[in-house]
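*Asks:* Structure provided below as C-alpha cells; questions to follow.
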Amino acid sequence: MEAVNILPEVTWIGVLIKAVIILAVISAMAGFGTFVERKVLAFMQRRLGPMHVGPYGLLQIAADGIKLFTKEDIIPQNANKLIFMIAPVITAATAFIALSAVPVFPDFTIPEFMPILGGVFVPSIAADLNVGILFVLGMMAAGLYGPLLAGMSQANKWGIIGAARTAVQFLSYEVVTGLSILAPIMLVGSLSFVDFNDYQQEGILSWMIWQQPVAFILFLIAGFAETNRTPFDLWSMRQKSFLGMLQSIRG
C-alpha cells in the first residue's frame, strides 16, 4: 500500500504564528522593495539615492518604518473624520486578509526545545479555502473602497478626481485579472491555491506559464496596474503635481 503522510493537527496557535509570519515577511518585502526601487530610479537618473542612514543607506528601510508609525495624523477641517480615518485601514486590511488564503512557506513544526511554542505545527497557509482564488479576488475588489472613500471624504475636488480615476482603473483591470485566471483554473480544475501549487510541483517545466503564456502576460500587466505605479498611476498623476486621493492623506 502507498504510504500516506498524515499532517499534525492545525491549532489556533499555529494559525496565529502563520499570520504573524505573513505580516512580518510582507512588511519587510515592502520596505526592501521600496528601497531597491529608489536605488534603481536613482541609478537611472544618475543619482545616489538613499545614502545617509547606515552604510550605503541600508538602514533607510528602518528609518522609513519608524517615520511611518510616528507620523502625525492630520485631518482636514471639512473632511468626514470617521471615513477619512477608516479608508486607509480598509486598504491595508484587505491586502493582508487576502494573503491568509495564499500559501507562504511550507509546513513546519517548531522544535520541541523551544519554550512554550515547542512542538506547535505551523501550516503553509493560514486559511486553506477551497475557493481561495475567489476569496483573493473578492478582497481585491473590496480594497477598492479604501481609495474611493479616502478621496470622497476629503471635501477636496482633487481628492474626488483621484478617487474616481482609481475606481475606474481598479474595476477595468480586475476584469482582466479575472478573465486571465480562468484558463489556469480550467487546467487545474480547482479554486484552491494548494491545488495550484500541487499542479506545478514537478518543476519549472510544469509551470502553467508555458501552457498559458498569454494569460500570464495579461495577469502580469493587470497585477502591475493594481500597484498604481507608472504608467498606471492615474490616481495620483505625479507629473501634474497632485496626489489625487492622497492629496490630504500625507504628513
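*Asks:* Looking at Ala93, is it surrounded by 13 or more Cβ atoms within 10 Å (Cβ to Cβ) and in contact with a Leu (Cβ under 9 Å, 6 or more places away or on another chain)? Please lay out each step first, then the result.
*Replies:* Values: surrounded by 13 or more Cβ atoms within 10 Å (Cβ to Cβ): yes; in contact with a Leu (Cβ under 9 Å, 6 or more places away or on another chain): no.
No, not satisfied.
*Asks:* When only residues in segment 190-244 that are assigned to a loop (DSSP other than H, G, I, E, B) and touching a Ser or Thr at 6+ places or on another chain (Cβ under 6 Å) count, which is modelled with the highest pLDDT? Before the answer, list the steps.
*Replies:* Initial filter on segment 190-244 (assigned to a loop (DSSP other than H, G, I, E, B)): 190-192, 200-203, 207-212, 227-237, 241-243.
Cutting the leftovers down to touching a Ser or Thr at 6+ places or on another chain (Cβ under 6 Å) gives us 200, 235, 243.
Values: Gln200: 88, Trp235: 63, Leu243: 61.
Filtering first and then ranking leaves Gln200.
*Asks:* Within segment 28-49, which residues are surrounded by 13 or more Cβ atoms within 10 Å (Cβ to Cβ) and under 30 Å from Val102 (Cβ atoms)?
*Replies:* Within segment 28-49, Ala30, Gly31, Thr34, Phe35, Arg38, Lys39 meet the criteria.
*Asks:* Within segment 209-221, identify whether any single residue is of a type outside the set (S, T, N, Q) and in contact (Cβ under 8 Å) with a residue 60 or more places away in the chain, and answer yes or no.
*Replies:* Initially, segment 209-221 is screened for residues of a type outside the set (S, T, N, Q), giving 209-210, 213-221.
Keeping just the survivors that are in contact (Cβ under 8 Å) with a residue 60 or more places away in the chain gives none.
No, the conditions are met nowhere in segment 209-221.
*Asks:* Same structure again: Check off (1) of a type outside the set (Asp, Glu); (2) free of Cβ contacts under 8 Å to residues at least 12 places away in the same chain; (3) more than 24 Å from Gln212 (Cβ to Cβ) for Gly138 and give me the number that stays unchecked.
*Replies:* (3)
*Asks:* Is it the case that segment 134-141 has a residue that's over 30 Å from Thr11 (Cβ atoms), in a helix (DSSP H, G or I), in contact with a Leu (Cβ under 6 Å, 6 or more places away or on another chain) and not small (Gly, Ala, Ser)?
*Replies:* Going through segment 134-141, the residues over 30 Å from Thr11 (Cβ atoms) turn out to be 141.
Then drop every residue that is not in a helix (DSSP H, G or I), which leaves 141.
Filter once more, so that each one left must be in contact with a Leu (Cβ under 6 Å, 6 or more places away or on another chain): none.
No, there is no match, as no residue in segment 134-141 is over 30 Å from Thr11 (Cβ atoms), in a helix (DSSP H, G or I), in contact with a Leu (Cβ under 6 Å, 6 or more places away or on another chain) and not small (Gly, Ala, Ser).
*Asks:* Give me a count of the residues in segment 146-160 that are surrounded by fewer than 18 Cβ atoms within 10 Å (Cβ to Cβ) and in contact (Cβ under 8 Å) with a residue 12 or more places away in the chain. Even if it seems obvious, please write down each step before you answer.
*Replies:* Restricting attention to segment 146-160, the residues satisfying the condition of being surrounded by fewer than 18 Cβ atoms within 10 Å (Cβ to Cβ) are 155, 157.
Of the ones still in play, those that are also in contact (Cβ under 8 Å) with a residue 12 or more places away in the chain are 155.
The qualifying residues number 1.
*Asks:* Okay, next question. Regarding segment 160-179, can at least one residue be identified that is under 30 Å from Asn78 (Cα atoms), assigned by TED's automatic domain parsing to the domain that holds Ile133 and over 22 Å from the mean Cα position of the chain (by Cα)?
*Replies:* yes
The values are calculated or read from the model by the stated rules, or taken from the named source; none is laboratory data. Here the structure is a predicted model, which is why all the values come from computation and not from measurement. With ideal geometry, Cβ positions are generated from the backbone for all residues, glycine too; neighbour counts draw on all protein chains shown.
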